Each structure stands twice: as structure tokens, then as C-alpha cells.
1. Which one of 84, 78, 7 is in contact with a helix residue (DSSP H, G or I) (Cβ under 6 Å, 6 or more places away or on another chain) and either assigned to a strand (DSSP E or B) or of a type in the set (Phe, Trp, Tyr) (or both)?
2. Take the residues of region 73-111 that are basic (Lys, Arg) and open to solvent by 60 Å² or more (accessible area, probe 1.4 Å): which is farthest from the chain's Cα centre (by Cα)?
3. I'm told residue 63 meets every condition in (1) farther than 22 Å from residue 158 by Cα; (2) among the hydroxyl-bearing types (Ser, Thr, Tyr); (3) crowded, with 16+ Cβ neighbours inside 10 Å except one. Can you identify the failing condition by its number?
4. Would you check if residue 216 is touching a strand residue (DSSP E or B) at 6+ places or on another chain (Cβ under 9 Å) and open to solvent by less than 100 Å² (accessible area, probe 1.4 Å)?
5. Out of the residues in region 1-19 that are of a type in the set (A, V, I, L, M) and open to solvent by 60 Å² or more (accessible area, probe 1.4 Å), which is nearest to residue 79 (Cα to Cα)?
6. I'd like the full set of residues that are hydroxyl-bearing (Ser, Thr, Tyr) and in contact (Cβ under 8 Å) with a residue 40 or more places away in the chain, limited to region 43-77.
7. Could you list, in sequence order, all residues of region 128-152 that are part of a loop (DSSP other than H, G, I, E, B) and exposed (fewer than 15 other Cβ atoms within 10 Å of the Cβ)?
8. Restricting to region 167-211, name every residue that is hydrophobic (A, V, I, L, M, F, W, C) and closer than 17 Å to residue 148 by Cα.
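The values are calculated or read from the model by the stated rules, or taken from the named source; none is laboratory data. These numbers were taken from a predicted model, which means no experiment stands behind them. Using ideal geometry, Cβ is built from the backbone for each residue, glycine included, and neighbour counts are taken over all protein chains shown. Heads up: the accessible areas ignore ligands, DNA and RNA and are worked out on the full protein's heavy atoms, side chains in. Shrake-Rupley method; radii C 1.70, N 1.55, O 1.52, S 1.80 Å.
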Amino acid sequence: VASYGTAFTAPTFNDLYFPADPFFAGGNPDLQPEQTGSAELGVSGLFSAMGNPMQWSVNIYQTDVDDLIALVPPLFYAENIDRARIRGLEGVLVGQFMDFDIAANLTLLDPRNESDGPENGNLLARRPEQTFRLDLDRAFGRFAAGGTIFAAGRRFDDAANRESLDGYTLLDLRASYAFSDSLSIQGRLENVFDQDYETVAWYNQSGRAFYLTLRYQP
């Protein structure tokens, strides 16, 4: 596959006019809209693993952005980054193996600030260079169980690349039971190992949590 597209993103009302207070710098009425152009190339196919069908795909892409809208800590005012370039490679594997449903996704990202000035060549803020997700699920009659592993590499919280945020790995588990075709119950345990992590500096993410859901769908 091959594709090319363009996009336009207007600044939000808050980006433009959010009132200033002691913790936030307020909106920036001089913000310009983002203009992007994206190109993508990909290949995909099928193969058999011990008699089980598997699908795979690999895509590479590049997005060039003019006037990228970014929030600048610590007061989180919005500003335009004149030019940015985001290159990526994504690999996907989906199928069944030994009665397990498998879905794996790997993304390698190179997001760069290409504006003139001291931040030229820096990584764009809050974008990890590597992410990986693996889902495994299996059904045993009316009972089903599965889990998800998600890993993200380090990222920077600021355009100057001085504030680094550590990478992290999360494990989620789930199980469900179907009383009938329309009634089921599911339990989910998220962040099993109670990992402390941040995707934005000083904003801690949820720790270990358990959810119980009763679902009726006629």
C-alpha cells in the first residue's frame, strides 16, 4: 500500500483564550493552525504457524508539520513549533497460535523539531521513541482469560530535552464468564505490579486498579 494525505488542525478555544491564573499562563491568541502532509508505504501478508493463520504488516511513514501546536511546561502555554518531522515504523502481527488469540504491535518513532534555533534536531516532547503492545487471549467454553503487556521507552517532557521521563512496562489481566449469549461478567486487574510512571512530568498515572463489569446485551 502507498498513501499520501494532508491535514489541517485548528487551535482549540482553550489554546487561544484559556484565562491565565497562578498555575497556567493562559491562552495564546496568536496561535496558527497546524498544516501537515503525511506519506506512508506498507506491505502485508499471511502465513501459517503450525496450521494457524497469521496476518502481518509493516508500515513506514513520515509526517511533516508546519506550526505544530505544543504546550510548554511549567505553565503550559501553547506555542507553534515552526517545523517538525515525524518518521515512524510500525509492525503488526495478528492471529491464533496454540488456541491463543495474539495481537502484537511495535512502533519505532523518530519525532524531531526541525525549526531554526537551539532546539533544532531535538526530540518532540512527550513522544516515546519505542512502544510495544502484546495481547494474549484464550477462551475455555464460556470462560475466557487474557492479558496485555504494554511497554514504552523514555520521552522528554520539554522541547529543550532537559526533562527526561523514564520508560515503563505495564501488565493488565482480565477474565470473563458468559452466563448466556446476552449476559456476562468480566473482571480486570490493571497495572498489576503497581508501576509508578508519568507520561507528563508531575502527573502520576493510575496505580493498580480492579474493575468488575456486569454486561447485558440482548
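1. Just a single option satisfies the conditions, and that option is 78.
2. Filtering region 73-111 for residues basic (Lys, Arg) gives 83, 85, 87.
After this cut, where a residue has to be open to solvent by 60 Å² or more (accessible area, probe 1.4 Å) as well, the list is 83, 87.
Numbers: 83: 22, 87: 15 Å.
Among those that are basic (Lys, Arg) and open to solvent by 60 Å² or more (accessible area, probe 1.4 Å), it is 83.
3. Going through the list (1) farther than 22 Å from residue 158 by Cα; (2) among the hydroxyl-bearing types (Ser, Thr, Tyr); (3) crowded, with 16+ Cβ neighbours inside 10 Å, residue 63 breaks only (1).
4. Numbers: touching a strand residue (DSSP E or B) at 6+ places or on another chain (Cβ under 9 Å): yes; open to solvent by less than 100 Å² (accessible area, probe 1.4 Å): no.
When the stated conditions are applied, residue 216 does not pass them.
5. Only one residue tops the list, namely 2.
6. Going through region 43-77, the residues hydroxyl-bearing (Ser, Thr, Tyr) turn out to be 44, 48, 57, 61, 63, 77.
Residues satisfying the conditions are 44, 77.
7. As a first pass, look at region 128-152 and keep what is part of a loop (DSSP other than H, G, I, E, B): 128-129, 141-142.
Of everything in region 128-152, those that are part of a loop (DSSP other than H, G, I, E, B) and exposed (fewer than 15 other Cβ atoms within 10 Å of the Cβ) turn out to be 141, 142.
8. 170, 171, 173, 175, 189, 192, 193, 209, 210, listed by residue number.
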